[in-house]
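Trainee: Before I ask anything, here is the structure I am working with.
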Amino acid sequence: MPDLIDALKISAAGMKVQGARVLVISQNLANQDSTPKLPGEDPYRRKVISFKQVLDRKTGLQMVDIDRVRPDESDFGQRYDPGHPAADKNGFVKTPNVNTLIEAADMRGAQRSYEFNLAAIETSRDMINRTIDLLRN
Amino acid sequence: MFFNDIPLIRGLGTQMHWLNERQKLVARNLSMADMPGATAVDLKPLTFEQMVRGKSTKQLPALTTDPRHQKAFIDPNDSADTTKEKNFAKSPNGNSIDSEQQLFNMNQTAAIYNTAVNVYRKNIAMLRTAIGKAA
């Protein structure tokens, strides 16, 4: 039974990191149109999350955790909008390096992984309940 | 008479312990399904001899005698009881965990566990009948 409790903890850690992943994706999607205020300034830069394996010293378990949230160093886009306050002398405004298609696919992946961890929790919980049920008769 | 002296009960207990350990590894694999460089690990199959002897794993964690002691850590990537799953499909970040395979393993584990619990329950019911205390 302690192994199943450990399994619950591991799956919960998996759900936590996927939740953080969704948070970063939501941030990217919300800022997909965040242009700069003045010419020469940079717009919103896309953020990327990565995971790492950590040893939880209290329980002796290998858990997944957030490694870091780093900026995506790819190039910004450009849009011709001479009336924009941040337009350069040629009339172009820098746009964020956020691609909604990539974010949507990433969101789908996070959702899928979250569901897998949830399914693992449900199975572990059912196994615990089956064991406890042995006491009933 | 102790329950563990009955070979069937002892065997079922060993198998249930093995399945608990396996479920822990499946949960670990699923939680690391998006981690760069992660590889899936699984327990080596439980042999009949292990079941009869009542030992589901070779490597046992050190006993902690005080709640302030740190728990012993057995690395599933490098243990006598585990194997690394081979998967030809690897994502660009080096992750080779196949989530579908893990779901299959999880359902298989749950099904065998349910069977073991039911056999255990029936065996106890039979013992109760034998001593005239049937429900």
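Trainee: Give B:Met51, B:Met106, B:Met126 a once-over and let me know the one that is within 14 Å of the chain's Cα centre (by Cα) and either more than 10 Å from every other protein chain (Cβ to nearest Cβ) or modelled with pLDDT under 85 (or both). Can you show your working first?
Mentor: Numbers: B:Met106 fails: either more than 10 Å from every other protein chain (Cβ to nearest Cβ) or modelled with pLDDT under 85 (or both); B:Met126 fails: within 14 Å of the chain's Cα centre (by Cα).
When all the criteria are applied, what remains is B:Met51.
Trainee: Where residues in the range B:25-46 are of a type in the set (D, E, K, R) and not in a loop (DSSP other than H, G, I, E, B), which of them is nearest to A:Ala110 (Cα to Cα)?
Mentor: The residue in question is B:Arg28.
This table checks each residue for (1) within 10 Å of another protein chain (Cβ to nearest Cβ); (2) out of contact with any strand residue (DSSP E or B) (no Cβ under 6 Å at 6 or more places or on another chain).
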residue	(1), (2)
A:Met63	yes, no
A:Ser74	no, yes
A:Pro82	no, yes
A:Asn90	no, yes
A:Ile121	yes, yes
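Trainee: Further, regarding this structure: Among the residues of the range A:14-59, write down those that are among the basic types (Lys, Arg) and either under 21 Å from A:Leu101 (Cβ atoms) or more than 14 Å from chain B (Cβ to nearest Cβ) (or both).
Mentor: Filtering the range A:14-59 for residues among the basic types (Lys, Arg) gives A:16, A:21, A:37, A:45-47, A:52, A:57-58.
Scanning the range A:14-59 gives A:Arg21, A:Lys37, A:Arg45, A:Arg46, A:Lys47.
Trainee: Quick one: which strands (runs of 3 or more DSSP E) lie wholly within the range A:22-135 and hold at least 3 residues that are within 30 Å of A:Leu4 (Cβ to Cβ)?
Mentor: Numbers: elements: A:47-56, A:61-71, A:77-80, A:92-95.
Output list reads A:47-56, A:61-71.
Trainee: Keeping to the range A:72-99, report how many residues are surrounded by fewer than 11 Cβ atoms within 10 Å (Cβ to Cβ) and of a type outside the set (Gly, Ala, Ser).
Mentor: 5
Trainee: Just give me the residues in the range A:55-69 being surrounded by 11 or more Cβ atoms within 10 Å (Cβ to Cβ) and under 18 Å from the mean Cα position of the chain (by Cα), in sequence order.
Mentor: A:Met63, A:Val64, A:Asp65, A:Ile66, A:Asp67, A:Val69
The values are calculated or read from the model by the stated rules, or taken from the named source; none is laboratory data. Computed from a prediction, not measured in an experiment: that's the story for all the values here. Ideal geometry is used to build each Cβ from the backbone, glycine not excepted, and the neighbour counts take in all protein chains shown.
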